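Since the structure comes first, as structure tokens, the remarks are kept for the end.
The values are calculated or read from the model by the stated rules, or taken from the named source; none is laboratory data. Just so we're clear, the structure is a prediction, and the values are computed from it rather than from any experiment. Note that each Cβ is placed from the backbone with ideal geometry, even for glycine, and that neighbours are counted across all protein chains shown. Side chains are part of the model used for accessible areas, which takes the heavy atoms of the whole protein and leaves out ligands, DNA and RNA. Shrake-Rupley method; radii C 1.70, N 1.55, O 1.52, S 1.80 Å.
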Amino acid sequence: MIKIGNTWITSKYDEYIHNAKRGPILRSYCRDRHGWDDDTMDLINWQLIDRVRCNQKWADLVRSMKVMHGWLPIMHNLGKYKTITQCPGCEAQDETFLHLYQCNNRLTKKARTDAMDQIYESRKGRSINRQFMDVFVRSITCGFTNSQIEVPQYPTKLATAVRDQNQIGTGKMLQGYLAKSWQTALTTCGVKRDKASNTMTYLFKQIWNTLFQQLWDTRNHILHNTPNCYSTAESNSLDSKLLWYSENRYRLFTHGDADLADFDRKKK
């Protein structure tokens, strides 16, 4: 038996010791990374995230972590060591995570529409009423632009879920940060209390496994298998570099004379 803070631990020592050691560090990172305060972090359904990720294979775990913290190899991130952040699918100059959901490429639009239709239709096999699904899908759509969800005359529990998600950020919903109050709202919209947890897990997976997966696969298909805007921008950048070198090559040091750049005449 051990005591951590004011709590006595009688089993699962490794888990509680790990959480006590790493928890504050991870919480601090999330708070700084996403711009949240402690009250906002307490609104997030962390248990839901754990339920989804605990059944993922290693490759999916790595990718979901990249999604959650914005580490995907999109052009915005690659641009930190390259000079080009061009979206492969359209004329946008900076491909951010949210731009994956905004790109106006024909293939991307179709993938986005098909995925949202699948998410909405998935309610039929889960006894989720239309009102909840309308609001939930509208929240996801607002997340594309990280805009606020309007709160008309919703039932109290559903209105609370909308306000909490607005505080967390609708764009964060796409990364997996859903408000705990969504699960509470489910119980007022036709889902039995003992099934609300599994239903929420199912909806969460729809965001990652249906919407994100289809958009990510489509984006990579555009980048690697079709003529695209990024390849054009990269080619133009290379052309300009080669042209500059052609015009300035006689004023550049050769590889063997590169040390002359550090030569200091005062020390002669």
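A few comments on the model shown:
- Of the residues LEU178, HIS221, CYS189, the one whose Cα sits farthest toward the positive end of the charge dipole of the range 159-260, with +1 on the Cβ of Lys and Arg and -1 on the Cβ of Asp and Glu, is CYS189.
- Under 20 Å from the Cα of LYS157 - lysines, other chains or at least 8 residues apart: LYS180, LYS192, LYS195
- When the charge dipole of the chain is built from unit charges on Cβ atoms (+1 for Lys and Arg, -1 for Asp and Glu) and taken about the Cα centre, the candidate among CYS87, TRP71, ALA161 whose Cα reaches farthest toward its positive end is ALA161.
- Area of ARG138 that stays accessible when all protein chains are in place (1.4 Å probe, Å², to 10): 110
- Degrees separating the helix 58-69 axis from the principal Cα axis of the chain, which is the longest one: 90
- Springs between Cα atoms under 10 Å define the GNM used for the chain, and in it the highest mean-square fluctuation of GLY256, GLY125, GLY176 occurs at GLY256.
- Candidate values (1) 23.5; (2) 16.0; (3) 20.2, label of the one derived for mean projected area of the Cα convex hull in nm²: (1)
- Longest site-free stretch - the chain; sites: chymotrypsin sites (Phe, Trp or Tyr not before Pro), DSSP loop, at most 14 other Cβ within 10 Å: 82-252
- Accessible surface of SER139 - all protein chains present, 1.4 Å probe, nearest 10 Å²: 0
- Cα long-axis angle, helix 106-121 against the chain (0 to 90 degrees, to the nearest 10): 10
- Rounded to the nearest 20 debye, dipole of the chain from Cβ charges on Lys, Arg, Asp, Glu: 580
- Relative to the longest principal axis of the Cα atoms of the chain, the long axis of helix 193-205 makes an angle of roughly 20 degrees.
- Placing +1 on the Cβ of every Lys and Arg and -1 on the Cβ of every Asp and Glu, with no other charges, gives the range 39-146 a dipole of roughly 360 debye about its Cα centre.
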